[in-house]
Amino acid sequence: MLTGISVAIMGGDARQLEVIQKFTELDATVILLGFDNLGRQFHGVTNVKLDPELFGHVDALILPVVGTDETGQVESIFSSEEMILTDEHISALPKHAKVYTGMAKSYLKKLVSAHGIELVELLDRDDIAIYNSIPTAEGALMMAIQNTDITIHGSMCMVLGFGRTGFTMAKTLQGLGATVKVGVRKPEHYARAWEMGFQPFYTKDLYPEVGNIDLLFNTIPTMIVTAQVITNIPHRALIIDLASRPGGTDFRFAEKRGIKAMLAPGLPGIVAPKTAGRIMANTLSQLIEEDFKDRSDVE
């Protein structure tokens, strides 16, 4: 239970609704910021406007998956008002408070560091990334089916990266009957991909490997599907880039060559917000319960 813990939830999308529900069930004191257009009512929560004075008694500040942009703006689909997280807000937090988000840009990292406030980035955790890889793979499949005129079964697919998302993506495609090439950098990933029945290759050999593919799924967040690589990709192929913005594909050159390339970050929150929200809610509640179980010792 989170009785006596004050949680401020600032901005976000439909995933945050599951977080709000979870924290109210656990008896936390919940303050909502940036939810003025929320149609759904939650019993026992306080919906307020952004004010530094509110932060003085907050134990945990929960931000959206992408905490802020580089100007401090916090996005919320439930508000038409602009919200900027500033030095004044963070400085008002008690020293024992923590800020939780999915991933933080440099603005947020510098802001909390300047005031000695601990920042917790959930997407750094293996468990969150593995759970999220499931709706990511399902969303990528949906996009592939909608944007091609072939079946996944019998197609030649390529997955770049064999990390948490790449592993699930490759296994899902294989389960549907695709032939799956997997681009890796580490020998141990090569060995594991071979053991699982994929066709592994090293990413340094990407150019010749793309010559016969139907679908390419990239999970590597650096430029890897370059203009040179794209010159050898068949015109029929579809590229779905699952890496965080700006992705790892030269989208300009792909368009110039007439190859369809789609950037698709944040699929869990788009295709399965309830499931993705439950993943975030369960992890957040466990973390905050652990972080503040001895709260009386730090007050």
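The values are calculated or read from the model by the stated rules, or taken from the named source; none is laboratory data. Just so it is clear, the model here is predicted, and its values are computed rather than measured. FYI the Cβ positions are ideal-geometry reconstructions off the backbone, even for glycines, and counts take in every protein chain you see. The protein model used for the area step is the full one, side chains on, heavy atoms only, and it has no ligands, DNA or RNA in it. Shrake-Rupley method; radii C 1.70, N 1.55, O 1.52, S 1.80 Å.
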Over region 177-299, equivalent-ellipsoid semi-axes from the Cα gyration tensor in Å: 37, 19, 14
Region 153-181 and region 16-56: distance between their alpha carbon centers, rounded to Å: 40 Å
Selected from G161, I259, V74, residue furthest toward positive end of dipole (the chain; charges at beta carbon): I259
Sites K110 and F42, calculated FRET efficiency, Cβ-Cβ separation with R0 41 Å, nearest 0.05: 0.80
Charge dipole (the chain, unit charges on Cβ, about Cα centre) - positive-most of S6, A137, M103: A137
Lysines with Cα under 29 Å of K181, excluding same-chain neighbours fewer than 8 positions away: K171, K204, K256, K260
Beta bridges per DSSP with both ends in the chain, % antiparallel, nearest 5: 0 percent
Mean accessible surface per residue for the chain, computed with a 1.4 Å probe while every protein chain stays in place, in Å²: 47 Å²
Cβ-placed point charges (K, R +1; D, E -1), dipole of the chain about Cα centre in debye, nearest 20: 1240 debye
Helix-derived mean residue ellipticity, 222 nm - over the chain, DSSP H n ≥ 4, -39500 (n - 2.57), to 500: -10500 deg cm²/dmol
Dipole magnitude of region 153-296, debye to nearest 20 (Cβ charges: Lys/Arg +1, Asp/Glu -1, about Cα centre): 280 debye
Ellipsoid semi-axes in whole angstrom, largest first, where each is sqrt(5λ) of the Cα gyration tensor of region 97-194: 35, 16, 10
Sulfur and carbon atoms: percent of accessible area, region 1-153 [1.4 Å]: 51 percent
Calculated FRET efficiency for the pair I270/H57, C-beta based, R₀ 41 Å, to 0.05: 0.75
Selection from L32, H43, I84, by position along the positive dipole direction of region 24-95 (Cβ): H43
P(r) histogram, all alpha-carbon pairs of the chain included - 5 Å bins from 0, percent: 1, 5, 11, 14, 15, 13, 10, 9, 8, 7, 4, 1, 0
Most fluctuating residue given options I31, I145, I90, as computed from a GNM of the chain linking Cα atoms under 10 Å: I145
Stretch gain in nm, segment S244-D127, where the contour uses 0.36 nm per residue and the Cα spacing is subtracted: 40.3 nm
Vicinal HN-Hα couplings computed from phi for region 187-200 (Karplus, 6.51 cos²θ - 1.76 cosθ + 1.60; Hz; Gly/Pro x): x, 5, 5, 4, 4, 5, 4, 5, 4, 8, x, 7, 10, x
Cβ-placed point charges (K, R +1; D, E -1), dipole of region 127-205 about Cα centre in debye, nearest 20: 240 debye
Longest DSSP-loop-exposure-free segment, trypsin sites (Lys or Arg not before Pro), the chain, at most 16 other Cβ within 10 Å: 126-184
Acute angle (nearest 10 degrees) that the helix 164-175 long axis makes with the longest principal axis of the chain, alpha-carbon atoms: 50 degrees
With every protein chain in place, region 183-281: carbon and sulfur % of accessible area (1.4 Å): 53 percent
Kirkwood-type radius of region 121-247, with distances r between different C-alpha atoms, in Å: 14.6 Å
Among A60, A191, A28: highest mean-square fluctuation, GNM of the chain, C-alpha pairs under 10 Å: A191
